[in-house]
Amino acid sequence: MWRWLWTRAVLAAAGPRSACSCRGCSSSSSAPAAGTTIFALSSGQGRCGVAVIRASGPASGHALRSLTAARDLPPARRASLRLLSDPSSGEPLDRALVLWFPGPHSFTGEDCVEFHVHGGPAVVSGVLQALGSVPGLRPAEAGEFTRRAFAHGKLDLTEVEGLADLIHAETEAQRRQALRQLDGELGQLCHSWAETLTKALAHVEAYIDFGEDDNLEEDVLDQAHKDVRALEAALDAHLRDARRGQRLRSGAHVVVTGPPNAGKSSLVNLLSRKPVSIVSPEPGTTRDVLETPVDLAGFPALLSDTAGLRDGVGPVEQEGVRRARERLQQADLVLAVLDVSDLGSSASRHFLASVVGPRCSLSPGGHQQRLLLVLNKADLLPGAGQDPEPRLPGAGQDPEPHLPPHLLLSCLTGAGLDDLLEALRTELAALCGDPAAGPPLLTRARHLHHLRACRDALAHFRPARDLALAAEALRVARGHLTRLTGGGGTDELLELIFRDFCVGK
């Protein structure tokens with residue numbers, strides 16, 4: 001239905017135009033076509049109370065006058081009630097609120113108008129067709145409003161990416177991080193770094209040109225060297241932290257593992273709040289890796305249910321166990337699940353020794369894979385509501401060995417779920433970073449690439465050896481910071497960034 005309505009609007013606006021305006025066409029560019037005015041439905045499609053239709057470009061004021069039959073435009077940035085009519089037939093379309101945003105004080109930097117109409121399909125279709133009949137207007141492409149805002153300097157490229165992330169945010173942590181980036185925190189940080197390099201470059205070039213001048217301060221090179229080394233340290237800190245921002249944007253990988261019948265599938269269903277995995281008392285029900293994106297305590301995660309770790313009784317289950325062990329090595333966070341009523345079994349003991357134990361101690365590289373040990377089926381314990389301290393059976397040893405730090409849970413009753421979610425929040429905050437505090441995170445591979453290239457260029461800054469090469473190193477490093485915020489970006493890069501925006505944004 002909506003595709004048909006949009007096609008009609010496109011045909012009404014097409015007129016004699018012959019140039020292709022489809023997304024990805026080779027004729028596209030980073031700047032909006034001169035003199036064109038675009039329009040689109042900017043609110044969600046489908047029946048709704050209010051639908052927002054937006055237009056941007058030099059003919060926006062003419063479009064507003066054409067649909068309202070008014071000589072004067074309404075007061076800027078103030079909602080006004082107007083009767084909308086078809087400019088060709090004069091037929092009333094709707095009684096709507098209109099807002100006029102004269103450029104450059106608008107989202108795109110151009111003249112803009114918004115029509116807040118009733119959200120029925122017939123009303124929206126009528127207004128879109130009416131706009132399509134106004135000379136100089138055409139339907140917008142995906143992301144074209146935001147692209148015009150970028151072209152007119154209203155947003156830098158990091159802010160555009162923040163806007164895209166905000167639109168697609170599904171968790172509280174993603175929303176906070178995207179809003180900080182949209183507010184320009186990452187761009188402002190890069191601009192301050194670029195200013196540091198500009199100042200250092202000016203000092204180096206001044207020394208090259210006027211090194212023998214008595215009026216030149218003797219410590220200009222020393223100061224430039226100190227500033228560059230301080231910037232290197234800041235870049236190193238952000239690069240070490242880069243994986244956290246990417247996890248926050250795409251989701252941390254959380255793998256649920258354990259011996260058969262420990263309740264892994266029940267835990268996955270409980271955390272995802274839907275029946276992702278089949279739950280059965282028969283051991284070995286899960287034979288492949290089942291993955292689902294979830295919101296875990298406000299953080300995005302890819303939750304993986306895996307086959308129970310044991311010596312498979314058949315080739316299919318053996319392959320499932322192999323895949324489970326492979327996925328376990330790739331995990332950002334491991335949820336190790338044991339049946340608290342079966343801790344003395346050989347399967348539980350082997351799992352504690354081979355999986356839990358090694359991950360509770362530092363690896364030779366000094367890294368520690370994050371792990372939460374969950375003792376499920378706590379409802380089967382005597383005095384289950386009293387939070388007992390279970391221990392491994394001593395098997396003749398004295399004293400009995402204690403379990404590693406753990407959480408008690410009953411997937412059946414939900415007891416202990418709040419404690420588990422709080423523990424998950426702590427672990428995921430460490431993995432993804434706190435979006436409400438600290439420096440802005442690097443959320444995209446593009447950010448990481450340019451900062452690494454900047455850092456590599458600064459490694460060649462050695463003014464004591466060759467001032468010309470030192471100055472060139474500063475120019476290259478500054479160029480990467482400039483490209484990170486949008487300066488010197490190619491059309492191919494811009495197409496890649498804007499392709500995820502919807503029509504009307």
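Here is how the numbers come out for the structure above:
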{"quantity": "Options Val160, Val113, Val123, Val127; residue that is surrounded by 22 or more Cβ atoms within 10 Å (Cβ to Cβ), more than 31 Å from the chain's Cα centre (by Cα) and β-branched (Val, Ile, Thr)", "calculated": "Val127"}
{"quantity": "Residues satisfying the stated conditions in the range 130-156, i.e. among the hydrophobic types (A, V, I, L, M, F, W, C) and either closer than 30 Å to Glu185 by Cα or crowded, with 24+ Cβ neighbours inside 10 Å (or both)", "calculated": "Ala130, Leu131, Leu137, Ala140, Ala142, Phe145, Ala149, Phe150, Ala151, Leu155"}
{"quantity": "Any hit, the range 229-246, residues being modelled with pLDDT of 90 or more, open to solvent by 50 Å² or more (accessible area, probe 1.4 Å) and farther than 22 Å from Gly433 by Cα", "calculated": "yes"}
{"quantity": "Single match in Leu408, Leu431 (criterion: within 27 Å of the chain's Cα centre (by Cα), closer than 30 Å to Val337 by Cβ and either open to solvent by less than 30 Å² (accessible area, probe 1.4 Å) or not aromatic (Phe, Trp, Tyr) (or both))", "calculated": "Leu431"}
{"quantity": "Among the candidates Leu424, Leu442, Leu451, residue that is out of contact with any Ser or Thr (no Cβ under 6 Å at 6 or more places or on another chain), assigned to a loop (DSSP other than H, G, I, E, B) and either open to solvent by less than 10 Å² (accessible area, probe 1.4 Å) or modelled with pLDDT of 85 or more (or both)", "calculated": "Leu442"}
{"quantity": "Matching residues, the range 248-279, being assigned to a helix (DSSP H, G or I) and surrounded by fewer than 23 Cβ atoms within 10 Å (Cβ to Cβ)", "calculated": "Arg249, Ser250, Ser266, Asn269, Leu270, Ser272"}
{"quantity": "In the range 454-475, the residues that are under 31 Å from the mean Cα position of the chain (by Cα), open to solvent by 60 Å² or more (accessible area, probe 1.4 Å) and within 14 Å of Leu201 (Cα to Cα)", "calculated": "Arg475"}
{"quantity": "Any hit, the range 182-205, residues being assigned to a helix (DSSP H, G or I), among the charged types (D, E, K, R), buried (at least 19 other Cβ atoms within 10 Å of the Cβ) and modelled with pLDDT of 90 or more", "calculated": "no"}
{"quantity": "Selection count where residues are touching a residue at least 12 places away in the same chain (Cβ under 8 Å), loosely packed, with under 15 Cβ neighbours inside 10 Å and within 12 Å of Leu67 (Cα to Cα), scope the range 91-110", "calculated": "1"}
{"quantity": "Failed item, numbered, when Phe39 is tested on (1) in contact with a strand residue (DSSP E or B) (Cβ under 9 Å, 6 or more places away or on another chain); (2) under 14 Å from Leu128 (Cα atoms); (3) open to solvent by 20 Å² or more (accessible area, probe 1.4 Å); (4) of a type outside the set (D, E, K, R)", "calculated": "(3)"}
{"quantity": "Filter result for Arg287 (at pLDDT below 85, of a type in the set (D, E, K, R) and touching a helix residue (DSSP H, G or I) at 6+ places or on another chain (Cβ under 6 Å))", "calculated": "yes"}
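The values are calculated or read from the model by the stated rules, or taken from the named source; none is laboratory data. Please read these numbers as outputs of a predicted model, since none were measured by experiment. Note: ideal-geometry Cβ built from the backbone for every residue, glycine included; neighbour counts use all protein chains shown. Side chains included, ligands, DNA and RNA excluded: accessible areas come from the protein's heavy atoms. Shrake-Rupley method; radii C 1.70, N 1.55, O 1.52, S 1.80 Å.
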